[in-house]
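Asks: Handing you a structure now.
The values are calculated or read from the model by the stated rules, or taken from the named source; none is laboratory data. The shown structure was predicted, so the numbers you read here are calculated from the model rather than taken from an experiment. All Cβ positions, even for glycine, are placed from backbone atoms using ideal geometry, and neighbour counts span all protein chains on display. Just so you know, the surface numbers come from the protein's heavy atoms only, side chains and all, with ligands and any DNA or RNA stripped out. Shrake-Rupley method; radii C 1.70, N 1.55, O 1.52, S 1.80 Å.
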There are 2 protein chains.
Amino acid sequence: MSRNIAIIGGTGAEGFGLGLRFACAGAQIRIGSRDAEKAHAAAGRIREIVPHADVTGGLNTDAVANSGIAILTVPLTAQIATLKSVRANFHPGSILVDATVPLEAAIGGSPMRPMTMFYGSAAQQAARNVPDGVPVVAAFHSLSADLLADLDQPIDSDILICGDKPEPKLSVRDLIKMLPGARPVDAGPLENARMVENLTALLISLNIRKKARHAGVRITGLEPE
Amino acid sequence: MSRNIAIIGGTGAEGFGLGLRFACAGAQIRIGSRDAEKAHAAAGRIREIVPHADVTGGLNTDAVANSGIAILTVPLTAQIATLKSVRANFHPGSILVDATVPLEAAIGGSPMRPMTMFYGSAAQQAARNVPDGVPVVAAFHSLSADLLADLDQPIDSDILICGDKPEPKLSVRDLIKMLPGARPVDAGPLENARMVENLTALLISLNIRKKARHAGVRITGLEPE
């Protein structure tokens, strides 16, 4: 079940890129969207790029209902509304992975500046908007959509994972290990997501300032897990 | 002049470690303290470890007056008072490098949680407490005192630099390049220091959670400068 992944907002650049990479790696992907036609089209584009891809497209609600792990990749401005729209479709065993980065761009400002959420982080905001018992894990922030879309470009980045329950974090860790070059690093409880989200704003800032497209991050000095 | 470095608070673990590493690298180091005797003793300890070290110890005020670059390495609770105490000793050409990390530990809480400063970052707080015309550069946050003190341990970390003026940042970049393994990365204006300070809280959290001592950070995907 853990390799059965819904991408909520999978027609956006970040979600499409994650779907593409996971399809490459052999996961079963359900691209979700508010618009089923757009989701079908995105799934078709992935199959064109990755002929062996096990990918379908449909409504976000169906994608969540039929997957073990749902990765939320919508912009901050759509995060709460999207979670409300799929709230009834989570089921026992569902895990929500939140990749939302709260940037000032959401309110017409700069993508290089993070915003502070009332609950501390976008991930904690997500946790307030899922049914009780659905664990939220924050992850995938540090992979840019540009990087994900360019299959010739290796992933050279750690992926920091925050969450309050061990088992869902282990499931997400296993997912991350499917992506060559990506290393999962447990970064503590969900409340630590604010620091990971901030770090992503810094990476975006480096991408923009240095005209790079694929800035990532490696934590050095850790023992192998 | 740029290799003539004052370490304000150089008897503390972080300052001592930086002084030790820079002395190793051939810089002229002035260990500063409120207590001249303690500074003399710290300089002596560096000379014991590094016989060729060009290092002296004295009051913070004298260290700042006689150096081109002053690195501030005191705890957050001492940052403002220390800057006030050396305010009159900056001179034309002085650069202040702030390495302060605003952690909840400063108010009896956890070293794994950052605090938000009124001006956005400890570095911007430093800038409010130096004379007009003294540029502030934020740097060195990501090097732990433990790592710095252990000369057998290579530095395997980027050092993110934030500041508003190009020349002082270039001077700090040149300093960083003296330390084998350390790579300077320009992370934008001083206001970005809040993200770098947050990242340091995350590294401290990883050190504590993973029983590591030397967690550092590398930014991947950047073109060589």
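Asks: Accessible surface of B:Glu223 in the full protein assembly, 1.4 angstrom probe, to the nearest 10 Å²?
Replies: Rounded to the nearest 10, that gives 130 Å².
Asks: Given a 1.4 Å probe, how much area per residue of the range A:49-165 is accessible, in Å²?
Replies: 41
Asks: How large, in percent, is the carbon and sulfur part of the accessible surface of chain A at a probe radius of 1.4 Å?
Replies: 51
Asks: So what J values fall out for the range B:138-150 if you push phi through Karplus, 6.51 cos²θ - 1.76 cosθ + 1.60 with θ = phi - 60°, rounded to Hz, Gly and Pro as x?
Replies: Karplus values, whole Hz, x for Gly and Pro: 8, 6, 6, 4, 7, 9, 6, 4, 4, 5, 4, 6, 9.
Asks: Go through B:Cys162, B:Cys24 and list them by solvent-accessible area, largest first, probe radius 1.4 Å.
Replies: Ranking B:Cys162, B:Cys24 by accessible area, largest first, yields B:Cys24, B:Cys162.
Asks: Compute the orientation-averaged projected area for the range A:122-225 from the convex hull of its Cα atoms and round it to one decimal in nm².
Replies: Mean projected area for the range A:122-225: 7.2 nm², to one decimal.
Asks: Can you list the residues, at least 5 places off or on another chain, whose amide H is less than 5 Å from the amide H of B:Gly57, using H built in the peptide plane?
Replies: The list, which skips near neighbours in sequence, is B:Ile31.
Asks: I need the phi-derived Karplus couplings for the range B:104-115: 6.51 cos²θ - 1.76 cosθ + 1.60, θ = phi - 60°, integer Hz, Gly and Pro marked x.
Replies: After applying 6.51 cos²θ - 1.76 cosθ + 1.60, I find 4, 3, 4, 10, x, x, 8, x, 8, 10, x, 10 Hz.
Asks: Give me a comma-separated list of calculated 3J(HN,Hα) values for the range A:214-222, in order, Karplus coefficients 6.51, -1.76, 1.60 applied at θ = phi - 60°, integers in Hz, x for any Gly or Pro.
Replies: Rounded to whole hertz, the list is 10, 4, x, 9, 10, 8, 9, x, 8.
Asks: Just how much of B:Thr77 is accessible, in Å², when a 1.4 Å probe is used and the result is rounded to the nearest 10?
Replies: 100
Asks: Take the alpha carbon atoms of the range B:63-164, find their radius of gyration, then divide it by 2.2 N^0.38 Å using N residues; give the quotient.
Replies: This ratio for the range B:63-164 stands at 1.11.
Asks: Ignoring ligands, DNA and RNA and using a 1.4 Å probe, state the total buried accessible area between B and A in Å², rounded to the nearest 100.
Replies: Approximately 2600 Å² gets buried when B meets A.
Asks: Taking 25 Å as R0, compute the FRET efficiency from the Cβ-Cβ separation of B:Lys84 and B:Ile107 and round it to 0.05.
Replies: Plugging the Cβ-Cβ distance into 1/(1 + (r/R0)^6) gives 0.80.
Asks: How large is the charge dipole for the range A:42-107, taken about the Cα centre, if only the Cβ atoms of Lys, Arg (+1) and Asp, Glu (-1) carry charge, to the nearest 20 debye?
Replies: Dipole magnitude for the range A:42-107 comes out near 120 debye.
Asks: About its Cα centre, what dipole magnitude does chain A give when the only charges are +1 on Lys and Arg Cβ and -1 on Asp and Glu Cβ, stated in debye to the nearest 20?
Replies: Taking the Cα centre of chain A as origin, the dipole is about 320 debye.
Asks: Tell me the Rg and the Dmax, in Å, that the Cα atoms of chain B produce.
Replies: That works out to 15.9, 47 Å for Rg and Dmax.
Asks: Could you grab the relative contact order for the range A:146-225? Cα pairs under 8 Å, six or more apart, rounded to a whole percent.
Replies: Reported as a whole number, the value is 34 percent.
Asks: Okay, which of the range A:33-63 sit inside 17 Å, backbone N to the point 7 Å along the Cα-Cβ direction of A:Asn4?
Replies: A:54-63, by backbone N distance to the label point.
Asks: Given the rule -39500 (n - 2.57) for each run of at least 4 DSSP H residues, summed and divided by the residues of chain B, what is its mean residue ellipticity at 222 nm, to the nearest 500 deg cm²/dmol?
Replies: -11000 deg cm²/dmol
Asks: Per residue, how much accessible area does the range B:3-42 show when a 1.4 Å probe rolls over the protein heavy atoms, in square angstrom?
Replies: Ligands and nucleic acids excluded, the figure is 35 Å² per residue.
Asks: Moving on. Express in % the proportion of alpha carbon pairs of the protein assembly as shown at distances exceeding 30 Å.
Replies: 45
Asks: Counting alpha carbon pairs within less than 8 Å and at least 6 residues apart, what relative contact order, in whole percent, applies to the range A:1-155?
Replies: Relative contact order for the range A:1-155 comes out at 23 percent.
Asks: Which residues, if any, in the range A:193-222 have at least 50 Å² less accessible area in the whole protein complex than in the isolated chain, probe 1.4 Å?
Replies: A:Met195, A:Asn198, A:Leu202, A:Leu206, A:Arg209, A:Lys210, A:Ile219, A:Thr220, A:Leu222
Asks: Turning to a different aspect of this structure: Report, as an integer, the average count of C-beta atoms from other chains found within 10 Å of each Cβ along A:69-80.
Replies: Taking all residues of A:69-80 together, the mean is 0.
Asks: Considering only the label points, 7 Å along Cα→Cβ from Cα, what distances in nm to one decimal separate B:Ala145 from the same position in each other copy, shortest first?
Replies: List, nearest first: 4.4 nm.
Asks: Another question about this same structure. Once the whole set of protein chains is in place, how much accessible area is left on B:Lys169, using a 1.4 Å probe, in Å² to the nearest 10?
Replies: 20
Asks: Rounded to two decimals, what is the ratio between the C-alpha radius of gyration of the range A:119-172 and 2.2 N^0.38 Å?
Replies: Normalised by 2.2 N^0.38 Å, the Cα Rg of the range A:119-172 equals 1.36.
Asks: If you don't mind, another one. Which distance in Å, rounded to a whole number, links the C-alpha centroids of the range A:164-225 and the range B:128-182?
Replies: Using only Cα atoms, the two centres lie 24 Å from each other.
Asks: Same structure, new question: Using amide H atoms built in the peptide plane, which far-off residues or other-chain residues are under 5 Å from B:Thr220 H to H?
Replies: Distant-sequence amide H within range of B:Thr220: A:Gly216, A:Val217, A:Arg218.
Asks: Taking the label point as lying 7 angstrom from Cα along the Cα-to-Cβ axis, what are the distances from B:Arg209 to the corresponding position in the remaining copies, in ascending order and in nanometres?
Replies: Those label-point separations list as 2.6 nm.
Asks: Average partner chain C-beta neighbours within 10 Å, per residue of A:152-161?
Replies: The per-residue average across the peptide is 2.
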